[in-house]
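The values are calculated or read from the model by the stated rules, or taken from the named source; none is laboratory data. Here the structure is a predicted model, which is why all the values come from computation and not from measurement. Ideal geometry is used to build each Cβ from the backbone, glycine not excepted, and the neighbour counts take in all protein chains shown. The accessibility values were calculated without ligands, DNA or RNA, using every heavy atom of the protein model including side chains. Shrake-Rupley method; radii C 1.70, N 1.55, O 1.52, S 1.80 Å.
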Amino acid sequence: TLPAASPSPTLHPPSMASTNALIDQQLAKDAFHGMKGAAPCAKKYIEAGAASAWLDIKDVDERDKNCPDDWVPRHPELVRLTGLHPFNCEPPLSLIMEQGFIAPPQLHYVRNHGAVPVKFTSDAQKQKIWDEWKITIEGIVDKPMTIGMADLQKLPFRQLPVLLVCAGNRRKEQNMIKQTIGFSWGPTAWATTVWGGVRLRDVLLAAGVKDDPEGKLHVRFRGPKKELPKGEDGSYGTSMPLYKVMDPANDVMIAWEQNGKALMPDHGFPVRIIIPGYIGGRMIKWLEHIEVAESESDNHYHFMDNRVLPVGVTPESASAEGWWYKPDYIINELNINSAMSSPAHDEVLHITPDSLAGETYSIKGYAYSGGGKKVIRAEISLDGGVTWEGGVVEHPETPTEYGRYWCHCLWSFNVSVTRLLSAKEVCCRAWDSHMNTQPNHLTWNVMGMLNNPIFRVKIHRTYTRGVVSSLTFEHPTLPGKQQGGWMERANREAMATPSPLMSGLKRVASAVMMSRSPSGVGIARQESGGAAAPAAGAKSPAPPASMNDIAGAKAAAPIPEGPITLEEVAKHTSKSDAWLAIRGTVYKIPEAYMKDHPGGPDSIMGVVGTDATLAYEEVGHSDNAEKILSRFKIGELPKPPGIFDNIPVVPIACSLVGAVGMIALRSLLTRSR
């Protein structure tokens, strides 16, 4: 049964809408609009004035100046996770915790699938977009309509703090086990800010939404068309059940404010969807279209993103076996999660006489859950998760009038330094009001989503004259391609680089094999993952076809034989003739493939003609992506000389083989005696 309907608000047709006042006059009269429309859980921050609620970032970052987003000011300390473009980032964990409970939007994590589609470079352009923006509402409603920002502002205003979290939060830990198809979020793909707007419920009532007594209808919403490379219309869209939208306790909003001001470009200016307790991937930015329908969204991104598929599913089997379309694996509500901010990664705790005389250390962190559930416990373990002790949980928010908790909470635990001296690691976990908690170990999934095992911080001791003089703390990972963390260290140790001697012996063995090959060439190229080199004078083959039907792609110019220099790569920078180098290998990226690339053509065109190794590795790619890339190989960069290049390896190899044979023969003769 749906909640009792309030009287339907009246919206004027767009032609009768009053002229919008200037955005700054409407949204920045004072911090957070005073008390206008504020839920109880927002009032304390409004009363406090929120001095840090907005940071003055006006300059465009140097890294964005050759990208489609070369007009968007961004905080320079945000950790970029997908190279130069598209922009996906999170703040350092210590920095977001320093801001207090409410984060400034400039330090809010960003998840963009492509360029920001709503562009303005002046106040006048921004105002024009605001005045002319329209949202179409149609489908199973009595009064389909198109409304503007002035129409929305006639409805009851709602303002409350809400936590947004990307479903990929803490994904890098999964990528340390095996690369997923997602890039490496650290533990800060979240932030709580105060959002202002109207309930979507009120907008649908104004449009005459039909009753849904059986709970079968859905509300679809999407952003601009042609925004992204994939899908039928290039939009990002999703949906949720109508009965959830119409429940006022769920606070599903159309928002145009963040911390009392108009939305930033990266966060959806001029208007977006906010769904408290849900993953961020359901909260459409740059909202253009709402439809009440009998079925869930058919948008490409509704199905091909934000899923937790079973452990054994690969990118190939997910598509071949239809896993993306199985409803059991869709992610909507957040799961329980927590992480530790103090001690910070690489923090050093010096041991003094006072430390040993009862000094304590305050372990701190954050926790959250989904669906409005309250986090009721935060626990610490100093013995690897065998035993647990409860910490102090602080909820800076008050629940909504419906008893929902839409924000993260903070926790702390005071421990004596002497106990830390005897511990190998510190672990944390949280519990919510439905008794959900975090598992001891992660379970890998192909998208790396909803990763929430207990958070483990390793402790390393430094000794001076046989006595522990300090403790150094090590987090599991650092976001993106930043180096550090005990999981990454464990991987390095497990895959230690061979010594120069072993590398040389491998070159010797390779030379012996090549000397036995009829032509003496080809084997080395096959070992590196490409096709055998063509015979002298033969024409190089075009790159093989990919999954995107690019068999007809042809090189704009003949591909040179032998090594390809970076000077040559730099000559090929058009969409129809796009070359780049990655880890010493040169690739020609077909234009047809660019259109279907997850980041769109811009993410590739920004690095064509260069050595793109750093940009490629910053993103992190799955095994499947590596296979696709290998199809576009056309050659290799010149190899730098190695320590064995000037050594006559074949005679040495023969000598080594002979020596080994003599040793074996001597051993055999000794045994026979």
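Side notes on the structure shown:
- Condition met for G384 (on the phi > 0 side of the Ramachandran plot and at pLDDT 95 or above): yes
- Qualifying positions in region 433-458 - of a type in the set (A, V, I, L, M, F, W, C) and either on the phi > 0 side of the Ramachandran plot or without any contact (Cβ under 8 Å) to a residue 24 or more places away in the chain (or both): M435, L450
- Residues that are more than 18 Å from H267 (Cβ to Cβ) and either assigned to a loop (DSSP other than H, G, I, E, B) or of a type outside the set (S, T, N, Q) (or both), drawn from region 77-94: G83, L84, P92, L93
- Answer from D346, D354 - the residue that is out of contact with any strand residue (DSSP E or B) (no Cβ under 6 Å at 6 or more places or on another chain), in a helix (DSSP H, G or I) and not hydroxyl-bearing (S, T, Y): D354
Each row is one residue, and each column tells you yes or no for (1) of a type in the set (S, T, Y); (2) more than 21 Å from K373 (Cβ to Cβ); (3) open to solvent by 20 Å² or more (accessible area, probe 1.4 Å); (4) more than 27 Å from the chain's Cα centre (by Cα).
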| position | (1), (2), (3), (4) |
| --- | --- |
| Y405 | yes, no, yes, no |
| R419 | no, yes, yes, yes |
| V426 | no, yes, no, no |
| L442 | no, yes, yes, no |
| M447 | no, yes, no, no |
| N451 | no, no, no, no |
| I459 | no, yes, no, yes |
| R465 | no, yes, yes, yes |
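- Residue within region 384-403 that is of a type in the set (V, I, T), surrounded by 14 or more Cβ atoms within 10 Å (Cβ to Cβ), under 17 Å from L93 (Cα atoms) and within 28 Å of the chain's Cα centre (by Cα) present: no
- The residue pairs whose first member lies in region 314-325 and is within 17 Å of E626 (Cα to Cα), whose second member is open to solvent by 50 Å² or more (accessible area, probe 1.4 Å) and among the aliphatic types (A, V, I, L, M), and whose beta carbons are closer than 8 Å, counting only pairs six or more residues apart or on different chains, are P315/I181.
- Residues of region 95-138 that turn out to be in a strand (DSSP E or B) and surrounded by fewer than 21 Cβ atoms within 10 Å (Cβ to Cβ), as a count: 4
- Entry remark, region 467-500: residues being open to solvent by less than 60 Å² (accessible area, probe 1.4 Å) and assigned to a loop (DSSP other than H, G, I, E, B) number 9 in total.
- Each residue in region 266-305 was checked for being more than 17 Å from the chain's Cα centre (by Cα), open to solvent by 20 Å² or more (accessible area, probe 1.4 Å) and either within 30 Å of I57 (Cα to Cα) or aromatic (F, W, Y) (or both), and 2 of them qualify.
- Residue check for I380: open to solvent by 30 Å² or more (accessible area, probe 1.4 Å), part of a strand (DSSP E or B) and aliphatic (A, V, I, L, M): no
- Lone unmet requirement of (1) farther than 16 Å from M435 by Cα; (2) open to solvent by less than 10 Å² (accessible area, probe 1.4 Å); (3) aliphatic (A, V, I, L, M) for A367: (1)
- Test result for L84, modelled with pLDDT under 95, out of contact with any Pro (no Cβ under 8 Å at 6 or more places or on another chain) and open to solvent by 20 Å² or more (accessible area, probe 1.4 Å): yes
- Of the residues in region 212-223, at least one is surrounded by fewer than 24 Cβ atoms within 10 Å (Cβ to Cβ) and without any contact (Cβ under 8 Å) to a residue 40 or more places away in the chain.
- Sole exception among (1) out of contact with any Lys or Arg (no Cβ under 7 Å at 6 or more places or on another chain); (2) over 23 Å from G280 (Cα atoms); (3) not in a helix (DSSP H, G or I) for C407, by number: (2)
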